[in-house]
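Read the structure below first, then the notes.
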Amino acid sequence: MTPSSTPSPEGSAKPARELWGTRWGFVLAAVGSAVGLGNMWRFSYIAAEGGGAAFLLLYIVMIALLGIPLMLCELTVGRKTHLSPIGALRELGGKGWVPLGLLFVLTGFLILSYYSVIAGWTLRYAAEAATVGFAPDAGAHFGEIAAGGSAVAWHLGFMVLTIAIVMVGVQKGIERAALVLMPSLMLIILGLAVWAFFLEGSAEGYAFYLMPDVGELMDTTVLVQATGQALFSLSLGMGAMLTFASYLSRDTDLNQEAVTISFADFGVAFAAGLVVFPVIFALGLQDSVTESTVGALFISLPGAFVEMGAAGRIIGLLFFVALGVGAITSAISLLEVVTSSMIDEFGIGRRNAAIGVGILIGIVGIFSALNTDFLGLVDAIAGDLFLVLGGLAMAIFVGWIMKADPAQELARGAGEGFKVIIPTVLFLIRFVLPPVIAIVLFFSLQNSWIEVRAFFGLG
Ligand code: PFF
């Protein structure tokens, strides 16, 4: 099968670019990028810290108000230029915007370095559930899993898997993997949510998760966390969606795709909450959720699965398989941002680019594998601060800077229904996103500074 590709525009120096095979290929790969550890591991501990339902409410508002317009910004730039982030920003903004492209690549590099470590823990839990079962003392066992040579080995194993898929290419690697993996993940999570509903004592979990405490809504930390998490979960602020959209033909309706991707991502996070909270509350394990922010899910859930005996083992296996599947499809997109930039900027072949950057990321990730505090620090800097910074820059770029009419770009391929709301979307991009994200950036900076000081033992 020869992949479809764009005809090289006449007189253009751009080589023909590989395109997605089908519309669903793109949508599922983008949903695959969005749905990942962020929806289950990060979402549940941030939601728990943010008071459950209060966080959830703000999170929904942030997805609709900031997430979807920002996703449209990235998709538009990718589809318009058919280039990876550095080249795309250079083409539409001039040389002065290249540093933003570099920040995107750095962010992808850093996020994948620790993301792969957590994915490694996930694979290990899945493998144990399938062979020896969950360990009786979940806390102590997490300590073993998240340290030393075995954490490094599972992290590197996961990197090899990610490299293998990205190396093969957009259609045969990324698209094919997403078409099989994403529907399986959704089915597993839905099945688990139905099962959790029938657990005795799950009501308390639903109450925590679904009934907001108005006081918490006023808390700026919850607002900042909800925004940061919306960006992380939707894979925004580092050019991942931009890169995937660069493999789209010019007449694709981006609006429909942006809404579909965002709904699917929220749906999975919401459903994951419907599994995690009832299980944790039904077994009275709520304290362990706040005990270790990074490890919350990896201590409380295996603890719950052990107490449930044989059924817990099967359910646990399914849960960690789903989590691992989500992780791999997201890791693919993180690696693709870095890989495609190497291909476009230096003319390196896909195979060598994927292997080369993959190895470097694997090496940097070893630090996170050996030290979960370091992992938390890189997450605060790259997974939070850099994404917020990147999101802010992207909104300003599309709203005010780029050498193309944003209204016209948004309207290209759009259905009649969407065309009507383009002025509103543009208003959000120009006037609402920059100030709101700038405020969040300010708090995010403070937060990262606190993390940096804490890491170095400065208070
Ligand atoms: N969205 C992914 C998740 O929720 O797990 C993580 C992620 C992937 C973030 C790709 C950013 C990105 F560019």
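The values are calculated or read from the model by the stated rules, or taken from the named source; none is laboratory data. A quick note: this is a predicted structure, and the numbers were derived from the prediction, not measured. Please note: Cβ atoms are built from the backbone with ideal geometry, for glycine as well, and neighbour counts cover all protein chains shown.
Before moving on, here are some points about what is shown:
- For the stretch 310-327, the condition holds for at least one residue, the condition being that it is under 21 Å from ALA382 (Cα atoms) and within 16 Å of the ligand (Cβ to nearest atom).
- Qualifying positions in the stretch 34-78 - in contact with an Asp or Glu (Cβ under 8 Å, 6 or more places away or on another chain), away from the ligand (no atom under 16 Å from the Cβ) and within 30 Å of ALA407 (Cβ to Cβ): THR76
- Only a single item in (1) over 17 Å from the mean Cα position of the chain (by Cα); (2) within 17 Å of LEU65 (Cα to Cα) is not met by TRP400, and it is number (2).
- Flag for PHE134 being under 26 Å from ALA369 (Cα atoms), surrounded by 15 or more Cβ atoms within 10 Å (Cβ to Cβ) and touching a Lys or Arg at 6+ places or on another chain (Cβ under 9 Å): yes
- The listed residues are THR227, THR220, THR243, and the only one of them that is surrounded by fewer than 17 Cβ atoms within 10 Å (Cβ to Cβ), touching a helix residue (DSSP H, G or I) at 6+ places or on another chain (Cβ under 9 Å), hydroxyl-bearing (Ser, Thr, Tyr) and under 27 Å from VAL378 (Cα atoms) turns out to be THR220.
- Scanning the stretch 235-289 for residues that are among the aliphatic types (A, V, I, L, M) and within 11 Å of the ligand (Cβ to nearest atom) yields LEU236, MET238, ALA240, MET241, LEU242, ILE261, VAL268, ALA269, ALA272.
- Pair list, Cβ < 8 Å and 6+ apart or interchain, from the stretch 247-261 residues that are of a type in the set (Val, Ile, Thr) to residues that are part of a loop (DSSP other than H, G, I, E, B) and buried (at least 16 other Cβ atoms within 10 Å of the Cβ): THR252/GLY413; ILE261/LEU234
- Residues that are charged (D, E, K, R), touching a residue at least 24 places away in the same chain (Cβ under 8 Å) and within 30 Å of ALA147 (Cα to Cα) do occur in the stretch 431-451, at least one of them.
- Residues of the stretch 408-459 satisfying the condition of being touching a Pro at 6+ places or on another chain (Cβ under 7 Å) and either closer than 15 Å to LEU389 by Cβ or surrounded by fewer than 13 Cβ atoms within 10 Å (Cβ to Cβ) (or both): LEU433
- Some residue of the stretch 335-356 being within 16 Å of the ligand (Cβ to nearest atom), in a helix (DSSP H, G or I), under 19 Å from VAL152 (Cβ atoms) and of a type outside the set (Phe, Trp, Tyr): yes
- Residue pairs meeting the criteria (Cβ under 6 Å; at least 6 apart or on separate chains; first aromatic (Phe, Trp, Tyr), in the stretch 383-396; second in a helix (DSSP H, G or I) and at pLDDT 95 or above): PHE386/THR107
- PHE232 being crowded, with 20+ Cβ neighbours inside 10 Å, at pLDDT 95 or above, within 16 Å of the ligand (Cβ to nearest atom) and hydrophobic (A, V, I, L, M, F, W, C): yes
- Enumeration of residues in the stretch 347-374 that are within 24 Å of ALA34 (Cβ to Cβ) and either buried (at least 21 other Cβ atoms within 10 Å of the Cβ) or in contact with a strand residue (DSSP E or B) (Cβ under 6 Å, 6 or more places away or on another chain) (or both): ALA353, ALA354, VAL357, GLY358, ILE361, GLY362, GLY365, SER368
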